[in-house]
Amino acid sequence: MADNQNEGTKFLESVHKYFDNAAKYSKLSPGILAQIKVCNSVYKISFPVEVDGKIEVIEGIRVQHSHHKLPSKGGIRFSMQVDEDEVKALATLMTFKCAVVDVPFGGAKGGVKINPRTSSVKTLERVTRRYAAELIKKNLIGPGMDVPAPDYGTGSREMAWIADTYQALKYGETNALGCVTGKPVGQGGIRGRAEATGLGVYFGIREALADGELLKGANMEAGTMQGKRIIVQGLGNVGYHASWFCQQDGAIITGIAEREGGIYNPEGINVEEVFKYRSETGSLLNFKNCTNIENTLDLLEMECDILIPAALENQINLGNAARIKAKIIAEGANGPVTQEAEEILLKNNIIILPDLYLNAGGVTVSYFEWLKNLSNVRFGRMGKRAEEASYKRLVNAIESTSGKNMTAQEKAILTKGSDEVNLVRSGLEDTMINAYHEIRETMRQKNIPDMRTAAFLTAIEKIGVSYEALGIFP
Ligand code: NAD
């Protein structure tokens, strides 16, 4: 327990140091900066749950870091390692993450001390519903208040339970489904949410790979994903989708690190097959044509172009930072690099694509899901056919003026209207590209050498504008 607390405290200290480094470049008053840094509220609860006929006391927490925009937003983590400082660090990151990608929310995070892998589905449902009810009782959850989402150890199933509990207790509230995001599509979720964080990680890496000026520092030339060698830690929601999209675009996944060990193959590993194999056997070890790596952390230190830590915080720390050989670290997870480790990595000319930018795809699409819930209509439903009709008129005009007819297949491609998943992915791509260039512009204007400091500064300045416009109550 003490060790876990230390990990959480270290994580929070890292986030605060990152903030302080960036704040030095800001002209906002010290008072406003202090307000932007602190967590606004922390709610801790203990509640009883019946497990196999016995009563167990479960601890939960919800931290709302900032209310400069409402609702606040952030995932719920199920893990025995959950502690207050860890959740505060994650809530803090959420505020800056939302600001970086222009999602108009404050930051929050929640956690429940429970092991989702050893608990029965029945227990998980009871715990999730009771935790949600405790938050509802205190008005700490709601479409305009605070909107949770999945995180480590939770997924769409838990979000559906939360939405259902909210609807049961707030019967008839029109916007009730907007109380939580990451829901299954049939329960008010949005197409494209499950893979959003991983897809966002892919868009961010792709943008960086085309950025010759940034890559110069790491002795790399501008290019594409084609042939880039990638090692990924964690084959969960973020790690699986990020590596899958990179692989589709020509990257070679040479190593995958999971909790039970790692696998390595310099010729490349098919991510989809490994995922299936692990789901069936419970382990990725002994996957065909791969070498088993017994100590999973060893994989982080192996040669590659891009290392994607997508499991947990503090994975790259003083203990291993000097031995990291990747040219780019793409932070899929939150806080995978400690602040002391970052100093070493930057000295070794390793480029870090920081969490608060790179994994913001999840909250971006959560924002789209929330908008969908408030408007109670699927994206594309109103416009798709009208769009198609206008493309058809255009194609007909081209055919009649040119005197040439297109094939049915050509026509189908040219006249296809956008449905929900197309719109979500297009919104996500646009968001990740815009945020990337905003951060790079801040680096140039303020002469900031690393992307994390620039991303924090971009966020701090945007939040500062909100505070200045709002004034201080009373
Ligand atoms: P997940 O539970 O789906 O996956 C995590 C994976 O990491 C699991 O496969 C787990 O077995 C593996 N893992 C655990 N300990 C490990 C270890 N010591 N070594 C190697 N692998 C290990 O969780 P997720 O949603 O993919 O979240 C992963 C990280 O990404 C977390 O830091 C989370 O906060 C962050 N994140 C998630 C989202 C999202 O949309 N899910 C969004 C932003 C950030």
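The values are calculated or read from the model by the stated rules, or taken from the named source; none is laboratory data. This is a predicted model, so every value here is computed, not measured. Positions of Cβ are backbone-derived with ideal geometry, glycine not excepted, and every protein chain shown enters the neighbour counts. Please note that ligands, DNA and RNA were not included when accessible areas were found on the heavy atoms of the full protein model with its side chains. Shrake-Rupley method; radii C 1.70, N 1.55, O 1.52, S 1.80 Å.
List of remarks:
- When the range 122-147 is limited to residues that are in contact with a helix residue (DSSP H, G or I) (Cβ under 7 Å, 6 or more places away or on another chain) and of a type in the set (G, A, S), the one that is nearest to R62 (Cα to Cα) turns out to be A132.
- The range 135-153 residues that are of a type in the set (A, V, I, L, M, F, W, C), paired with ones that are modelled with pLDDT under 95 and within 16 Å of the ligand (Cβ to nearest atom) (beta carbon under 9 Å, 6 or more apart): A149/R193
- For the range 301-347, the set of residues classified as open to solvent by 50 Å² or more (accessible area, probe 1.4 Å) and away from the ligand (no atom under 16 Å from the Cβ) consists of E303, L318, A322, R323, K325, K327, E340, E343, L346, K347, listed by residue number.
- Checked across the range 136-150, the condition of being surrounded by fewer than 24 Cβ atoms within 10 Å (Cβ to Cβ) and among the acidic types (D, E) holds for no residue.
- Scope the range 428-441; condition in contact with a helix residue (DSSP H, G or I) (Cβ under 7 Å, 6 or more places away or on another chain) and open to solvent by 20 Å² or more (accessible area, probe 1.4 Å); matching residues: E429, T431, I433, E438
- Enumeration of residues in the range 47-84 that are within 27 Å of F473 (Cβ to Cβ) and either at pLDDT below 95 or not aliphatic (A, V, I, L, M) (or both): R62, Q64, H65, S66, H67, H68, K69, P71, S72, K73, G74, E84
- Filter pass, A208 being under 30 Å from I324 (Cβ atoms), open to solvent by less than 30 Å² (accessible area, probe 1.4 Å) and away from the ligand (no atom under 16 Å from the Cβ): yes
- Pairs with Cβ under 9 Å, 6+ apart, first in the range 38-57 and on the phi > 0 side of the Ramachandran plot, second surrounded by fewer than 14 Cβ atoms within 10 Å (Cβ to Cβ): D52/S120
- Subset of the range 348-384 that is within 16 Å of the ligand (Cβ to nearest atom) and not in a helix (DSSP H, G or I) - its residue that is surrounded by the fewest Cβ atoms within 10 Å (Cβ to Cβ): I352
- Contact map, the range 170-192: residues that are open to solvent by 10 Å² or more (accessible area, probe 1.4 Å) paired with residues that are among the β-branched types (V, I, T) and assigned to a helix (DSSP H, G or I), Cβ distance under 7 Å, separation 6+ or inter-chain. Pairs shown: R191/V185; R191/V421; R191/V424; G192/V365; G192/V421; G192/V424.
- Residue check, K44 open to solvent by less than 40 Å² (accessible area, probe 1.4 Å) and modelled with pLDDT of 95 or more: no
- G239, sole failed condition from (1) over 30 Å from N6 (Cβ atoms); (2) within 13 Å of the ligand (Cβ to nearest atom); (3) crowded, with 19+ Cβ neighbours inside 10 Å: (1)
- Candidate set from the range 151-169 (those that are among the charged types (D, E, K, R) and crowded, with 21+ Cβ neighbours inside 10 Å); member that is nearest to S46 (Cα to Cα): E158
- For the range 96-124, filtering for residues that are more than 21 Å from G155 (Cβ to Cβ), buried (at least 24 other Cβ atoms within 10 Å of the Cβ) and either over 15 Å from the mean Cα position of the chain (by Cα) or away from the ligand (no atom under 14 Å from the Cβ) (or both) leaves 2.
- Some residue of the range 255-272 being crowded, with 16+ Cβ neighbours inside 10 Å, farther than 30 Å from E213 by Cα and away from the ligand (no atom under 16 Å from the Cβ): yes
- Number of positions in the range 85-95 that are under 14 Å from the mean Cα position of the chain (by Cα) and open to solvent by 10 Å² or more (accessible area, probe 1.4 Å): 1
- Criterion applied to A222, A218 was being open to solvent by 50 Å² or more (accessible area, probe 1.4 Å) and either within 16 Å of the ligand (Cβ to nearest atom) or within 27 Å of I448 (Cα to Cα) (or both), and the one residue passing it is A222.
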